[in-house]
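**Student:** Mind looking over this structure? Questions follow.
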Amino acid sequence: MTTILLALLAAIPLATQGFIVEISAGGEECFTETISRGEKVIGSYSVSSGGTLEIDLRVYDSSGKTLYENLGYSDDSYAFVANQDGLYKFCFSNLKSTLTAKTVSFNIFVGTSLVDHEIAKKEHLDPLENSILLLGESLQFVVHEQQYLITRERMSRETNSSTNSRVFWWNMLQNLVI
């Protein structure tokens, strides 16, 4: 029974895409994903380096309608259910920055419930096995959320280090003046 369950978990295809991309100063990068009507889409992004760490994100459906817009933030997550079949566009814009490129990491999960629970017939799965499949699905989301938090922690550490250095040199200057 355990080997069957492990084989099922190994065979489950996740429709997950994770990317790290550098967006040039004054530039814009768009990514597309074919999504069917009714599918859940969950995503997150984080700017890990480059100036003020602010970026603009816009998500468009296949007809060009804006589904999600977040301007001037360094990180966020979003979720929606696709309202029509087609090619959805995820655009990151660094148009406000004229000097520094930004490094953005982002994930996109697409699926009816992120995992196809119909790989095995319902009569082959008992409630415990269904619960294990749901836990596996949730675990994938937790792993990506932890990666996001690690990125946030690294950015905070860099900010603290920079502030500490400035305070040190300001203090040294004050000591020289006195």
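**Student:** Before I look further, what does region 61-103 give for accessible area per residue, probe 1.4 Å, in whole square angstrom?
**Tutor:** Using a 1.4 Å probe on heavy atoms only, each residue of region 61-103 averages 54 Å².
**Student:** Here is a follow-up. Please list, in order along region 142-148, the HN-Hα scalar couplings obtained from phi with the Karplus expression 6.51 cos²θ - 1.76 cosθ + 1.60 (θ = phi - 60°), rounded to whole Hz, x for Gly and Pro.
**Tutor:** In residue order, the calculated couplings are 5, 4, 5, 5, 5, 4, 4 Hz.
The values are calculated or read from the model by the stated rules, or taken from the named source; none is laboratory data. Bear in mind that the values here come from a model prediction, so they are computed numbers and not experimental data. Ligands, DNA and RNA are excluded from the accessible area calculation, which covers all protein heavy atoms including side chains. Shrake-Rupley method; radii C 1.70, N 1.55, O 1.52, S 1.80 Å.
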